[in-house]
Amino acid sequence: MLRRFVHCIILLLACVTLILLVNQSVTAASKTITVQASRVNVRMGPGLAYDTMTQLKHGAKIHIITTKNGWYQVRLASDKIGWVASWLVNNSEVSSAANQKGTMNETIYAREHPDSSSQILGTMTANTPVTIIYQQGAWSQIIFKNTVAWLPSHTITQQNNNQQTQTVDPTIKTMTVRSDQAKLRTGPAINHQIIATLKKQANLTYIATDGDWYKVKTAAGQTGYIANWLVNLNSTTPNNATNLSEATIVLDPGHGGRDSGAISLKKTYEKTFTLATAKAIAARLRSAGARVILTRNKDKYVGLSPRPAIAKRVHADAFISIHFDSSETANTGSGTTTYYYKKKKDLALAKALDQQLKQLPLNNRGTDFGNFLVLRDNTRPAVLLELGYINNKHDYREIQEKAYQKQVATDVYQSLSHYFKQ
């Protein structure tokens, strides 16, 4: 009897040891991922409603602890714990559905994953307003009780967020469809009914512009709307301005709305200073006679893809995106950097701006290649300016001052004046 008892104790200890070894193995093999996006916000909890604690840049390595509702709980290099959206780690940006508003057209379960057999998180009732932040296949991800949930896309009637009235651009006459299966719709939004499916290289006659959509007529005589990212324009506008007063400049204040950007040591947001600086630049350029268009002129969210689309639509002679940098550890990064993507298209503009920005009271880090969507997807000459490190005490003292913003405006004006005379 005693021998049997001892034998059971030995077996029990062996099982416990095996369990501990397995757990240790799992912990040791915790997944490490590399951020492929340009920037990813790390939040205090698993949802967009939680505050941003820091940002990760392209190439940063993070260790996944667990997952919840499509979010990764991660351990940072500083040993801090935070949450990142899983769909942003390997993508440059949220899909074009970002920040799209909608209304439930039926009552249905909200689920943890885009799968009808996934765990139910709650119920969405008919006529309830929703905010769509991502779309995957036939599913839409929404903000749900301080986190996220998934719903079948067909259960949501999407609203047209674009409040602009139709305008007519006299420089656009015709356009060509860029890819097969492009949809012609009854209105300027993806929730409108499909009139026709167009083939690649199909010719369309331009009628009007409505936000990010063109009203067009097909060769068969059908009239409808097509998204501006699905077509190539046949424009009558000259390729280059020869004087600043003849130029169209698109200024892109980075971030905005629910996207705060980097956070300073004073807990102020990058989005605030990018807008203030862009407005100072716009005022200076307009005083010189330039046509200036801002991708946002107030604190509102604008997706990444629409920003270069604006430059394309207005045939911009230059696109300048305004940002303020941030280092992983406070007070370790300093200075300004001018980024470009394509040497042939962008480098001359980058060099012109960089040369003049050397007049600023911050260290000039020169020009560099930047794999940012607003540059990568831009068909017009484009640069992204990082005008100082917002989490550096010395840089921040300059960044927050109107005098610094005016100096940036003057430097941009002088560099563009020289650029257009080359």
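For the stretch 189-319, what is the accessible area per residue in Å² when the probe is 1.4 Å?
Working: 5640 Å² over 131 residues.
For the stretch 189-319, the solvent-accessible area averages 43 Å² per residue.
So, for the stretch 323-409, what is the accessible surface per residue at a probe of 1.4 Å, expressed in square angstrom?
45
At a Förster distance of 51 Å, what's the computed FRET efficiency of residue 298 paired with residue 327, Cβ-Cβ distance as r, to 0.05? The partial results should precede the final answer.
Working: r = 29 Å, r/R0 = 0.56.
FRET efficiency, residue 298 to residue 327: 0.95.
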>> Residue by residue through the stretch 316-331, what is 3J(HN,Hα) from phi via Karplus (6.51 cos²θ - 1.76 cosθ + 1.60, θ = phi - 60°)? Round to whole Hz and write x for glycine and proline.
In response: 4, 7, 7, 10, 10, 9, 9, 9, 10, 6, 8, 9, 4, 10, 4, 6
> What part of the accessible area of the stretch 273-422, given as a whole %, is carbon or sulfur when the probe is 1.4 angstrom?
Replying inline: 46
> Rounded, prolate or oblate: which fits the stretch 203-283 when a ≥ b ≥ c are the square roots of the eigenvalues of the alpha-carbon gyration tensor, with rounded for a/c under 1.5 and prolate only if a/b beats b/c?
Replying inline: oblate
>> Using a 7 Å offset from the Cα along the Cα-to-Cβ direction at both residue 371 and residue 199, what is the distance between the two label points in nm, to one decimal?
In response: 3.6
> Label points 7 Å out from Cα along the Cβ direction at residue 288 and residue 173: separation in nm?
Replying inline: 3.2
> How do 114-126, 329-341, 408-420 rank on mean C-beta neighbours within 10 Å, highest first?
Replying inline: 408-420, 329-341, 114-126
>> If packing is taken as the average number of other Cβ atoms within 10 Å across a peptide's residues, how do 184-190, 285-291, 308-314, 218-224 rank, most packed first?
In response: 308-314, 184-190, 285-291, 218-224
> Can you give me the Cα centroid spacing of the stretch 320-336 and the stretch 114-132 in angstrom?
Replying inline: 39
> Between residue 181 and residue 75, what is the FRET efficiency for a Förster distance of 45 Å, r being their Cβ-Cβ separation, to the nearest 0.05?
Replying inline: 0.60
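The values are calculated or read from the model by the stated rules, or taken from the named source; none is laboratory data. Here the structure is a predicted model, which is why all the values come from computation and not from measurement. We place every Cβ from the backbone using ideal geometry, glycine too, and count neighbours over all the protein chains shown. Side chains included, ligands, DNA and RNA excluded: accessible areas come from the protein's heavy atoms. Shrake-Rupley method; radii C 1.70, N 1.55, O 1.52, S 1.80 Å.
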